[in-house]
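Have a look at the structure below before the remarks.
Coordinate-derived values only; no laboratory data. Just so we're clear, the structure is a prediction, and the values are computed from it rather than from any experiment. Reconstructed Cβ throughout: ideal geometry from the backbone, glycine too, with neighbour counts over all protein chains shown.
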Amino acid sequence: MGAHSNDILIGSYTERMPHVDGRGYGISHVAFDPATGELGDVKPLAATINPSYLAVNRAGTLVAAALEVGEYDGVAGGAVALYRRDPASGALTLLATQSTGGADACHVAFAADESFVVAANYSGGSIAVFPLDDSVLGARSALVQHAGSGPNSDRQEGPHAHQVVVDPVTGNVLVADLGLDAVFVYAVSAGGAVVERQRLALNPGSGPRHLAFAEDGGEFVVVGELDGTVTRVRRADDAFVVGETVRAAVVGTSQPAAVRFSGDRVLVANRGVDVVSTLGVADDFALIADAPVAGRTPREFIVSADGRFVIVASQDDDLIVSYAYDRETGALAEVSRAVTESPVALVLA
């Protein structure tokens, strides 16, 4: 996690959708004090439509937003918006928007060398690549369409690219596809061409949603939204090997949303049961405990750089709450809260 300041950017749903009654502003921010865990007041930054995921470049000067819509500005498909950010004031200035070529863009990331931006289209079942040159977001250079289906006829009737993550070791792009029970590994050339390097098959019907790398890049974990699991995947030379799978929560039937490493711990936000769960990875890969959170439907969350605090966006109760985190027990103790409508994305900027 590359924190540039103590500013948390917030993406919120702005429209009613099948899975959310979106009433948010667009992109906002809230100050976070890493010494105390206190949150400030939420302040609006940019009014845009359904910015369901945000990414910030290393310098903190550019923000990319995935706009989760079926059509943008008269063009079918979602969109990526690129903003210039003033690191001192936090103000955002829109630089460009580009069509992603597939419906419901839901995730976005900067390449390792920040020479391109890549986005995942959930309903479109595809990923889109855009060249980035001196803060100029170029027209789409590649659109990679996934194909196939999974055993869950309600949720896996086709491909659903849910997340794009850059491998911290190789710079390759990993894509979690909920509809195909797979994680794709792609190499992206300097010219924006995309080549598949590996396809990891996960448990049928698991519905991989989000993944997170360990700090050394030696492994990652991926959550199954449909079967409520977490799977460990280890690096082996120039490939990955799928390992153990455990439940994502102790009690109930969960729908994992987001996952993060923090040292030898993995944290998972679980909707349905409204908890953040802690798993250990130092020795055995095992679930340690669930910690209830304030508010329904915990979506994205942040773990502070020192691991002392966890900040959670509860989508359906309009809350962002910071908690003191006990890494031994997995317990969360509320420190501070801020109110904002339909928060779904959080990123330190």
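Numerical summary
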| quantity | calculated |
| --- | --- |
| Inter-centroid distance (Cα atoms) of the range 63-99 relative to the range 138-216, Å | 22 |
| Length added when fully stretched, ARG199-VAL339, from 0.36 nm per residue minus Cα-Cα | 46.3 nm |
| Other-chain or far-sequence residues with amide H under 5 Å of THR100's (modelled H) | GLY78, ALA79, VAL80 |
| Note, ³J(HN,Hα) from phi for the range 65-81, Karplus 6.51, -1.76, 1.60, rounded to Hz, x at Gly and Pro | 10, 8, 9, 7, 9, x, 8, 10, 6, x, 10, 5, x, x, 8, 10, 10 |
| Cα-centred dipole magnitude for the range 7-348, charges only on beta-carbon of K, R (+1) and D, E (-1), debye, nearest 20 | 260 |
| Cα-based shape type of the range 7-348, given that a ≥ b ≥ c are square roots of the gyration tensor eigenvalues and the cut on a/c is 1.5 | rounded |
| Calculated over the range 258-330: convex hull of Cα atoms, volume per residue (Å³) | 72 |
| Alpha carbon centroid spacing (whole Å) that separates the range 254-287 from the range 310-333 | 12 |
| Residue-span extension gain [ARG84 to SER141] - 0.36 nm each, minus C-alpha spacing | 18.4 nm |
| Dipole axis of the range 185-320 (+1 Lys, Arg; -1 Asp, Glu on Cβ), positive-most option in LEU279, PHE220, PHE309 | PHE220 |
| Net lengthening on full extension, ASN6/ASP317 (0.36 nm per residue, minus Cα-Cα) | 109.6 nm |
| Efficiency of FRET from Cβ geometry, THR170 and ARG16, R₀ 25 Å, rounded to 0.05 | 0.05 |
| Sequence ranges 141-154, 90-103, ranked by mean other-Cβ count within 10 angstrom, highest first | 90-103, 141-154 |
